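Undergrad: Quick one: this structure, given as structure tokens, is what I'll be asking you about.
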Amino acid sequence: MGLDLQQHTAADLAVFNQKFQAFISGDFPEIEKVYRQLFQSKGKQLRPMLVLLTHRLFKEDISEQAYLAASLVEVVHMASLVHDDVVDMADLRRGKASIRSLFGNKTAVLAGDYMLTNAFLKAYDGNDSQLLLFLVDVIRQMSAGELIQLEYAGNPEANEDTYYRIIERKTAALFGCCCQCGAHTAQASQKDVETVREIGRKAGMVFQIKDDLLDLDTSADSGKQYGNDLLEGKLTLPALYYLQHGTAAEKEDFFFRLASLVERHNSPEHDEKAQKEDLNLLIDRIKQSGGEEYAVEAANRFGQEAWNAYRRLGKASPAFEELLHQICQIR
């Protein structure tokens, strides 16, 4: 029987959540309402866990600076979700009302901006210029990923290279930053900091590909509304595989139907039945092409690269290994 990671990390996460609440409190009421709403759907807190468990690879006790780093990356993650929902016009986040749907787009954009700049100030107050540099760099990368994704949404010019450029910046960069922060606050060597960054980035690639595969899961078991990526014109790895191996006529029909889906999705009045039929048709075609299997193979390659980097590190941590296993395990 494997390690019960939830039980193993419960004490550390309890301390983190207490410190995180203090980290985000004391601001004006309007922003605290946003924080409270986000904290209600905080998810598994993978990113803070990555910081803390990476820290423990090098030091037995978790330092105050490590808890600060965990709080900083969680704020960056939360702010990115707020901004993403505005860009995607999403009304739900993990099955609950998004910030933009509750408070409006203007408040959501400004709240996300406030969260990020406040994180900068907290990093500066922590007298750790390296943490500040980590944050600035990862936010720059995440913003670049969003811009690339916007440019190639529904674009026939999109390809695998485009897809990897997007997810390396949007998702993998923050996973890598979490591991960097954990090692840095434990005063690890520069070589080890770079190695754990690679572990995090490769694991982040797996994480995003797995999430993209869930978008094709039409069963009720996934717990996620399927088809959102296609409705927003996003071309994920399985769809790109289908397009790469389809005929010219199939590609033309795909993009015609995709454009129609996106247009109807953004319209307040649209035929739900017709939208679902077109959506299911495109998903069936992607699945029949072998796109899912191709994406699984790619995720497994990135997962193996993450494990290879971990072995090069020469550390042994059952908790970190279990977290890495949970992130990289796929089917």
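Undergrad: Residue 181 passes all but one of (1) within 21 Å of residue 54 (Cα to Cα); (2) part of a loop (DSSP other than H, G, I, E, B); which number fails?
TA: Residue 181 satisfies every listed condition except (2).
Undergrad: Next up: Only one residue in 261, 216 is without any contact (Cβ under 8 Å) to a residue 60 or more places away in the chain and either farther than 30 Å from residue 194 by Cα or among the aromatic types (Phe, Trp, Tyr) (or both), so which one is that?
TA: 261
Undergrad: Can you tell which of 131, 50, 72 is of a type in the set (A, V, I, L, M), touching a Lys or Arg at 6+ places or on another chain (Cβ under 7 Å) and buried (at least 23 other Cβ atoms within 10 Å of the Cβ)?
TA: 72
Undergrad: Scan the range 87-113 residue by residue and report those that are surrounded by fewer than 20 Cβ atoms within 10 Å (Cβ to Cβ), touching a helix residue (DSSP H, G or I) at 6+ places or on another chain (Cβ under 6 Å) and part of a helix (DSSP H, G or I).
TA: Listed by number, the residues that qualify are 105, 109.
Undergrad: What about residue 47, is it within 29 Å of residue 152 (Cα to Cα), in a helix (DSSP H, G or I) and touching a Cys at 6+ places or on another chain (Cβ under 6 Å)? Give the derivation first.
TA: Numbers: within 29 Å of residue 152 (Cα to Cα): yes; in a helix (DSSP H, G or I): yes; touching a Cys at 6+ places or on another chain (Cβ under 6 Å): yes.
Yes, satisfied.
Undergrad: A further question on this structure: Select the helices (runs of 4 or more DSSP H) contained entirely in the range 221-283, then report the ones holding at least 2 residues which are over 22 Å from the mean Cα position of the chain (by Cα) and of a type outside the set (Phe, Trp, Tyr).
TA: Hits in the range 221-283: 237-245, 248-265.
A quick yes/no check of all residues on (1) of a type outside the set (D, E, K, R); (2) touching a residue at least 40 places away in the same chain (Cβ under 8 Å); (3) more than 19 Å from residue 163 (Cβ to Cβ):
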{"site": "225", "(1), (2), (3)": "yes, yes, yes"}
{"site": "236", "(1), (2), (3)": "yes, yes, no"}
{"site": "244", "(1), (2), (3)": "yes, yes, no"}
{"site": "248", "(1), (2), (3)": "yes, no, yes"}
{"site": "253", "(1), (2), (3)": "no, no, yes"}
{"site": "256", "(1), (2), (3)": "yes, no, yes"}
{"site": "268", "(1), (2), (3)": "yes, no, yes"}
{"site": "272", "(1), (2), (3)": "no, no, yes"}
{"site": "283", "(1), (2), (3)": "yes, yes, no"}
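Undergrad: Inside the range 140-164, can you point out the residues that are over 19 Å from the mean Cα position of the chain (by Cα) and crowded, with 17+ Cβ neighbours inside 10 Å?
TA: Of everything in the range 140-164, just one residue is over 19 Å from the mean Cα position of the chain (by Cα) and crowded, with 17+ Cβ neighbours inside 10 Å, namely 158.
Every number in this text was worked out from the coordinates using simple rules, so none of it is lab data. It should be emphasised that the depicted structure is a prediction, and the values quoted were computed from it without experimental measurement. Cβ: placed from backbone, ideal geometry, glycine included. Neighbour counts: every protein chain shown.
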